[in-house]
Amino acid sequence: MERFPVGEKYLSGATASSLNEARLIFEEMGCKAHTYCVAYLPDEFSEIMRYSSHLVFNSVAQYERFRSAVSVHNANSADTPISCGIRCNPEYSEVETELYNPAAPGSRLGEVDAAFANGLPEGIEGLHFHTLCESTSYDLEKTLAAFEQHFGHLIPKVKWVNMGGGHLMTKKGYDTAHLVRLLQNFKEKWGVDIILEPGSAIAWETGVLISTVLDIHESRGIKTAITDISFTGHMPDTLEMPYRPRITHVAQNGEATPAVTPPIGAGRGGLYRIGGVSCLSGDYMKEYSFEQDLKVGDRIIFEDMIHYTMVKTTTFNGVRHPDICILHENGELEVVKKFGYEDYRNRLS
Ligand SMILES: Cc1ncc(COP(=O)(O)O)c(C=O)c1O
């Protein structure tokens, strides 16, 4: 894992949701991907098979459409055969925001139990569910109960169960001993291999997004600190969910104070919206309460916003991409990657 030296210490593989991710895993991590796609594109499928050890299908119909291609691939390959699974929807999730809830009514992600009225299609070796998001082991426990209730009759027929991502096992206070007990009990009960796909847990608290205040705008009593980043361009979750990252205000004398979401407390500095630099009207986060007045040149630090920011950015409006940097323990800031005009231009036709 030349490009993933830290991940290599802890992970035995990786999961992909697209051809590009599967290829990245194959080429940069040196292993085959455990691939799940909402829908496989026919013109990509051969290549995806080359990079994958497991393929999870989102529906029985898709599996039926591609199963002969997998059989032909397996018959002609000297490698371990690709193992196929189907994603299930246990129709239970602790996630309240519909945008992030794969078990919401009518969800397009995975099959509900009714889809297996005739049992599992021939050749299926695994079941997959993914309904957690920044969740605890106790959330998993309740999810497993729902999974067993809906799909328990199918588990003895498969070799593996993939319990998806959303297990925030690196967060302070996460009960890892409880997780281990749960998984051991499940394995003992059902005799299957268990696969987990922690995503954000791998990159939890690994980095911040730092912005600079460019202007303080005021309109009929509403103050907005306009920064040099964009919520729509760099942190779409903050508008979509809306996710409220922890933020820290760093004044130019270096004093750092956390800002909070009202009504937890109205700080002495008052309330400010945090504005993005794109021209989208809604490119701002609702008010945070600050201990000190914000001034042009101050920094606003969005805590723990490196992971999804690195993959969800766009170049909408040509907004500048944040640099990717490493702040070394000795205080030295190493710029690993800068994005410029060419990156923006080359995404256009
Ligand atoms: C199928 C699947 N597995 C794993 C993950 C990673 O989830 P997380 O980053 O919440 O751990 C995702 C993220 O959406 C996913 O869709």
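The values are calculated or read from the model by the stated rules, or taken from the named source; none is laboratory data. What you are looking at is a predicted structure, and each value in this text was computed from that prediction instead of being measured. Here the Cβ positions follow ideal geometry from the backbone for every residue, glycine too, while neighbour counts run over all protein chains shown.
Do the conditions hold for Ser107, that is, is it buried (at least 18 other Cβ atoms within 10 Å of the Cβ) and in a loop (DSSP other than H, G, I, E, B)? No. Across the range 295-306, a minimum of one residue is classified as loosely packed, with under 11 Cβ neighbours inside 10 Å and in the same structural domain as Pro245 (by TED's automatic domain parsing). The set of residues in the range 165-195 that are within 15 Å of the ligand (Cβ to nearest atom), surrounded by fewer than 17 Cβ atoms within 10 Å (Cβ to Cβ) and over 16 Å from Asp139 (Cα atoms) contains only Ile194.
Residues in the range 119-137 that are in a loop (DSSP other than H, G, I, E, B) and within 13 Å of the ligand (Cβ to nearest atom): Phe129, His130, Thr131, Leu132, Cys133, Glu134, Thr136. Just so you know, in the range 196-223 the residues that are more than 16 Å from the ligand (Cβ to nearest atom) and surrounded by 17 or more Cβ atoms within 10 Å (Cβ to Cβ) include one that is farthest from Cys325 (Cα to Cα), and it is Lys223.
Before we move on, is Met310 out of contact with any helix residue (DSSP H, G or I) (no Cβ under 6 Å at 6 or more places or on another chain) and in a helix (DSSP H, G or I)?
On the way: out of contact with any helix residue (DSSP H, G or I) (no Cβ under 6 Å at 6 or more places or on another chain): yes; in a helix (DSSP H, G or I): yes.
So Met310 fits the description; yes.
Going by the structure shown, is Arg65 out of contact with any Cys (no Cβ under 6 Å at 6 or more places or on another chain), surrounded by fewer than 18 Cβ atoms within 10 Å (Cβ to Cβ) and touching a residue at least 60 places away in the same chain (Cβ under 8 Å)?
Numbers: out of contact with any Cys (no Cβ under 6 Å at 6 or more places or on another chain): yes; surrounded by fewer than 18 Cβ atoms within 10 Å (Cβ to Cβ): yes; touching a residue at least 60 places away in the same chain (Cβ under 8 Å): no.
When the stated conditions are applied, Arg65 does not pass them.
A Cβ distance below 7 Å, combined with a sequence gap of six or more or placement on separate chains, defines the contacts here; from the range 85-104, residues that are among the hydroxyl-bearing types (Ser, Thr, Tyr) reach residues that are modelled with pLDDT of 90 or more and crowded, with 20+ Cβ neighbours inside 10 Å in the pairs Tyr92/Ala103; Tyr92/Thr131; Tyr92/Thr143; Ser93/Pro102; Ser93/Ala103; Ser93/Thr131; Tyr100/Cys133. Of all the numbered requirements in (1) assigned to a helix (DSSP H, G or I); (2) more than 13 Å from the ligand (Cβ to nearest atom), Leu140 misses one, and that requirement is (2).
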